[in-house]
Amino acid sequence: MPYGEGPPSLKAVKRVEEAHNYAASILNPVIEEVIEYLMVVQPEDPIGAFYRYLLDKQEGKLEPAVKKELKSQAEILEELKPVVTAMMQKMVESAAEDPTQFMVDHLKGVVESTPAS
């Protein structure tokens, strides 16, 4: 049977299960918390706000969310989707022990490489 055909190996099945469990137990709570914050605040720069939120969380200085009428939830989600998708994929692949630090490091690179508007 050629490579890649047939049922996945037990090792592959286990790795997928571990990745799923990691995402469900470690990543999702952090991502959901930040997305909820971003939905309330509706920042003009969602990726920068995501990054600053995580920095503030690490430093224990989160501000209450105050709703602004700038971008719609759909616009914010559309802008976040590719960044969060890529970040979560990298986190699952690396099985980062500290998801907040991983996201801060990842988003720092994104924010620093994005031209200011």
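Of note:
- Residue list for the range 21-32, restricted to those being closer than 19 Å to Q73 by Cα and either aromatic (F, W, Y) or in contact (Cβ under 8 Å) with a residue 24 or more places away in the chain (or both): V30, I31
- Listed conditions (1) among the charged types (D, E, K, R); (2) out of contact with any Asp or Glu (no Cβ under 7 Å at 6 or more places or on another chain); (3) at pLDDT below 85 are all met by D105, apart from (3).
- In the range 83-92, the residue that is nearest to K14 (Cα to Cα) out of those that are touching a residue at least 40 places away in the same chain (Cβ under 8 Å) and out of contact with any Phe, Trp or Tyr (no Cβ under 7 Å at 6 or more places or on another chain) is M88.
The values are calculated or read from the model by the stated rules, or taken from the named source; none is laboratory data. Source: prediction; values computed, not measured. As a convention, Cβ positions derive from the backbone with ideal geometry for all residues, glycine included, and neighbour counts pool all protein chains shown.
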